[in-house]
């Protein structure tokens with residue numbers, strides 16, 4: 001049962017969270033059913049975008065049961081169609097969107113929300129407390145076996161009660177410090193029209209042909225199987241965006257996307273899932289196009305160790321590998337200086353993460369010295385250290401599909417060889433990689449935090465084996481039961497001082513014992529044609545918010 005639950009959760013992560021590399025098998029680029037240029041009569045501006053997958057489902061929660069799409073459906077565009085109760089502002093504070101006011105009970109288990117009035121859904125119905133209550137209650141129902149994949153909150157909802165037409169009470173089974181932050185997540189807590197739920201709160205099939213949100217755009221079923229067309233929500237309550245309508249073309253290969261942009265078939269691309277560092281630099285230097293990088297970090301790439309493996313269960317080996325990695329060289333030579341080196345597991349700009357931690361600087365002499373002192377020696381002259389008859393030799397698993405990841409893994413393997421550790425690169429397709437990691441068939445791997453609003457809370461929750469959906473971070477909790485106990489306490493706390501204390505302990509322990517090796521902090525990327533003047537990255541830059549595209 002445990003294995004089944006983890007498999008289900010990892011599938012959900014593949015579908016909707018992980019910014020995994022996309023397929024490199026390009027299909028022919030279809031012709032757009034709408035023009036890319038300004039309509040001279042109406043002055044309506046239409047833009048063409050591209051993605052590596054098709055679109056089959058338009059609800060805020062995507063699971064394999066409701067979509068056979070090869071990718072993530074509408075996940076990365078949810079904020080263009082659906083509003084949430086809350087969002088982060090640019091100062092990192094939680095502010096209301098559809099919630100105008102809110103309060104928490106003294107025991108931390110009840111939240112009362114006052115809902116904004118005068119807001120309509122794209123289907124013309126009014127936003128009321130009933131829509132909010134049903135949207136919240138529908139989350140665990142529609143997640144089903146994947147409940148918990150997108151944070152702790154959905155697993156502790158007791159009820160959502162309509163107090164009056166514009167007041168909702170959210171009742172939890174326990175206090176939870178991250179409640180408001182998780183309600184910022186369009187996936188899964190985007191607010192939808194309650195008329196689109198069945199009596200059992202499962203989403204209706206109407207979501208296969210339309211969106212039902214209060215956001216600036218809507219979908220009404222217009223597609224030819226290669227291009228999906230979206231228009232303004234005529235009932236939108238906020239400021240009208242610059243872009244009147246847009247299409248998303250299905251172009252699986254990232255190089256083909258760039259070629260389509262150069263040929264005038266695509267106007268705007270967003271996301272490190274679509275744009276490599278090389279492509280970013282190429283378009284930055286190409287006349288008629290612009291490339292823009294977000295200023296804030298998006299997620300952390302790190303080395304995850306199989307802590308149950310005798311080799312990597314030894315802190316000395318982990319520390320030696322960390323000391324052998326020149327992160328500055330990685331940033332410059334592999335990522336063209338676009339990203340920042342990661343000295344800590346989370347960026348210290350994230351909530352609760354501004355904590356002093358042990359940092360492992362690049363120092364090959366130190367790496368060799370601590371291995372010598374621990375008794376790892378090369379007894380047969382083959383360049384590989386050993387101890388008690390066990391050679392420091394292991395597989396380095398990673399996902400196929402990213403040239404940058406190829407280069408990153410090869411670099412780390414080469415550096416490890418300089419300190420007498422043999423690491424063999426082994427790539428696998430996404431689901432095969434998950435299966436191997438889950439079963440422990442690896443020595444170490446490249447992984448990443450969930451990014452955006454999911455960091456740090458959802459990631460930290462996954463350290464606790466009792467609730468974890470992450471087989472890599474779970475090992476930290478298995479090997480360090482005291483950390484797992486702290487995470488359990490954290491996830492039922494509303495005491496800010498204690499929450500910070502727990503984060504400090506967890507982060508310093510992870511660093512002191514070198515339980516992971518942070519590598520880089522990524523940042524979100526966009527490239528666009530000269531039709532566009534700029535793009536304002538949303539505070540959760542995981543999403544492409546078309547309303548944030550500004551035109552010349």
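The values are calculated or read from the model by the stated rules, or taken from the named source; none is laboratory data. The shown structure was predicted, so the numbers you read here are calculated from the model rather than taken from an experiment. A quick note on method: Cβ atoms are made from the backbone with ideal geometry, for glycine too, and the neighbour counts reach across all protein chains shown.
Tabulated results
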| read-out | value |
| --- | --- |
| Selection count, segment 416-433, where residues are buried (at least 22 other Cβ atoms within 10 Å of the Cβ) and assigned to a helix (DSSP H, G or I) | 2 |
| Any chance residue 234 is outside the structural domain of residue 456 (by the TED database) and either buried (at least 18 other Cβ atoms within 10 Å of the Cβ) or within 23 Å of the chain's Cα centre (by Cα) (or both) | no |
| Any chance residue 472 is more than 19 Å from residue 178 (Cα to Cα), in contact with a helix residue (DSSP H, G or I) (Cβ under 8 Å, 6 or more places away or on another chain) and part of a loop (DSSP other than H, G, I, E, B) | yes |
| Selection from segment 158-182 of residues that are without any contact (Cβ under 8 Å) to a residue 40 or more places away in the chain and surrounded by 20 or more Cβ atoms within 10 Å (Cβ to Cβ) | 160 |
| Any chance residue 278 is out of contact with any strand residue (DSSP E or B) (no Cβ under 8 Å at 6 or more places or on another chain), at pLDDT below 95 and either part of a helix (DSSP H, G or I) or assigned by the TED database to the domain that holds residue 62 (or both) | yes |
| Filter result for residue 319 (farther than 26 Å from residue 369 by Cα, part of a helix (DSSP H, G or I) and assigned by the TED database to the domain that holds residue 478) | no |
| Single condition residue 309 does not satisfy, out of (1) within 29 Å of residue 474 (Cα to Cα); (2) in a loop (DSSP other than H, G, I, E, B); (3) under 24 Å from the mean Cα position of the chain (by Cα) | (3) |
| Residue match in segment 345-361 (condition: at negative phi, surrounded by fewer than 18 Cβ atoms within 10 Å (Cβ to Cβ) and outside any loop (DSSP other than H, G, I, E, B)) | no |
